[in-house]
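The values are calculated or read from the model by the stated rules, or taken from the named source; none is laboratory data. Every value quoted in this text rests on a predicted model; they were computed, and no experiment measured them. Positions of Cβ are backbone-derived with ideal geometry, glycine not excepted, and every protein chain shown enters the neighbour counts. Just the protein is used for accessible areas: all its heavy atoms, side chains included, with ligands, DNA and RNA removed. Shrake-Rupley method; radii C 1.70, N 1.55, O 1.52, S 1.80 Å.
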Amino acid sequence: LSQPNETAGPEDGPQMDDPTPSVTLKEKSTSRRNTRKRRKAPSPNCILDKKAVRKALDDRGIQVSPRHLEAFYQALHRQHYPDLPTFLENYERHERKDYDNMPSVGPLKNSVSSKKNRNKLQLPKVLLQFLADPDNGFVTLTSRVAQQQKSADDSTTKLAVQLHDGQLVESVIMRYNNHNSSRASLCVSSQCGCAMGCTFCATGTMGLSGNLTSGEILEQIVHADRILAEEWEERCKENENMNKKHDKTYKDVPKLDLIRNVVFMGMGEPLDNYSNVVDACHALVNRTQWNLAHGRVTVSTVGLVSQIRKLTQELPEINLALSLHAPSQGKREAIVPTANRYPIESLIQALDEHMMAYLHKRKKREAAKSGNTTDTNMTTLSEYTAAERMKESTRRRAMIEYVMLEGDTSSIESAHQLGKLCENRHLVVNLIPYNQTDVKDKLKCPSWDHMQKFREIVASYGAFCTIRRTMGADIDSACGQLITLKQKQEEEEQEREKHAALKVPVRDIEDAVPTPSAANTNSTKAKTTSIGSARDLTPPADSTNDVVSNGHKENAASNDALDRWILPLSVATSVSAACFLAASTLYLKQSRRR
């Protein structure tokens, strides 16, 4: 949906943007030119930020084992993230095994929350005391859903999430329903704004305001889960009303899963906020929390090569999507301003290494056991057969995202260039129809027939090529449309309110002539007033005739007074002119005599 980048510049005050190692000199020079704004960490902070919780416990000298901390997060997830006092109250009821008086924690299900809702492990007393302390500096959620919009076909909901400092980020719920079951995916944001400045992306025009913490990223999923739970309860009520109305038992409404797929394709470049994004990914695949399969988490990047390789080392199981958008270096630099830092060949190589990471590690272990670790043998480890690539491509997805714009990047020549880049790699190419945005350049999406032909050419080189289904375009939640239009609407609304506050209703002199006394009294005030709108200038209907008649009388009186002064003023003007001419003549005669 959008991608920014850049590394942070130094700034005073509390910071939550972790520096990323292995940064090239080119990246450092660019970061000095494009320093980002720092955001202060939430205060109070989100309890889902494990690093912040661990640091707070260490600062207080509270020793809690990782096993007990994981048990706490598991219990919090099973209760669907209530506020901390409510969590502690429910926890005590679990300890007493008072299940009859336990409130329902929600209709959503997954492999963790659908189990019997009892405490997995007794939490230490010091941790419970820390959680009960109102001054511990933590709350369950630091953000709120400021606005939500649903598309006309009910398949997409866009959430405007307001953070603790007033910043807005947007996430998008995408529903996939069929007759027997339903599932939902969530597109999350990782940064406030975007620093990449892609010419086709509305989010790129915003600039970058800072990074989200891991807790703020996970809060977007909590908000989405709650909305899905509310929708399920509403459908159950409708089903119950239908049963009563028709005296018939309808099929029960199937439970809607918790968010089953999470894609980091919202606002921000995820790998530019590497530490927080990786922490959020660990929570998503953690068996005690969301317990998502690794293949159901996708991180999209515009192509930070050093961070891609680092992610391959830490989380090789998750899916990786590369926002390529052009098949050659020159064409890519024209639409992605920062593409000059990363050659396309190195991007494709890093993407390929991510997909083949498991096989490479296995080959490396086998070579180490056999003692064959020569340089020549280590080089051959990176050479894979077509069968090996096909097998690995079914285990994890390495995807190329390619926005379809009218012009060079969607030409037939570009289709062949893109196909050759992916040849014999078994990569997934996802063509994204351009969604209309409020960017400076007037861009258009090619026709459907042209995109189909483009897809067929790319697929002929052995890549699995698809055209992405557009969802939520009517509410500006499709790829590349996030938040800029909403911010523009808010700015226009503020501008209208500002003008309305400054508007002063004033009657113009042509609408009604004031009396002489009133004119003398208000003459000073009249100098500082401005003309209002035509609606404010219009006198009441029942007094229009009186105003007009009074105006005619006063105009007639003023005309009589002027007639009396016309003759004396004319005579005085003539005498003055004659005296001036006489004086001038005398002066000239005296000058000649001298």
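What is the calculated FRET efficiency for N424 to H450, with r their C-beta to C-beta distance and R₀ = 25 Å, to the nearest 0.05?
Using R0 = 25 Å, I get an efficiency of 0.45.
Between Q63 and D154, what length comes free when the chain is fully extended (0.36 nm per residue of separation minus the Cα-Cα distance, one decimal in nm)?
28.0 nm
Please list, in order, the residues from segment 283-323 whose amide nitrogen is less than 16 Å from a point placed 7 Å along the Cα→Cβ vector of A368.
313-314
Put a dot 7 Å past each Cα toward the Cβ at H416 and S275; how far apart are the dots in nm?
4.9
Taking 0.36 nm per intervening residue step and subtracting the Cα-Cα distance, what contour gain separates L586 from R226 on full extension?
Gain on extension, L586 to R226, equals 119.2 nm.
Please compute the length gained on full extension between A577 and D133, using 0.36 nm multiplied by the number of residues separating them and subtracting their Cα-Cα distance.
150.0 nm
For each pair in K310/K331; K361/K391; K50/K158; K331/K444; K158/K237, compute the distance between the two Cα atoms and list the pairs where it is over 19 Å.
Listed pairs above 19 Å: K310/K331; K50/K158; K158/K237.
In whole Å, what three semi-axes, largest first, describe the equivalent ellipsoid of segment 293-370 built from its Cα gyration tensor (square root of 5 times each eigenvalue)?
Equivalent ellipsoid semi-axes, largest first: 27, 15, 9 Å.
Cβ neighbours within 10 Å, averaged per peptide: list 223-234, 385-396 in order, most packed at the top.
Ranked from most to least packed, the peptides come out as 223-234, 385-396.
Quickly rank 579-588, 57-66 as a protection proxy: mean count of other C-beta atoms within 10 Å, highest first.
Descending packing order for the listed peptides: 57-66, 579-588.
Which percent of the Cα-Cα distances in segment 261-394 go past 21 Å?
Pairs farther apart than 21 Å: 50 percent.
What do you reckon, how do D272, D83 stack up by accessible area (1.4 Å probe), largest on top?
Accessible-area ranking of D272, D83, largest first: D83, D272.
Using the per-residue mean of other Cβ atoms lying within 10 Å as a proxy for protection, in what order, highest first, do the peptides 295-304, 400-409, 447-456, 194-203 fall?
194-203, 295-304, 400-409, 447-456
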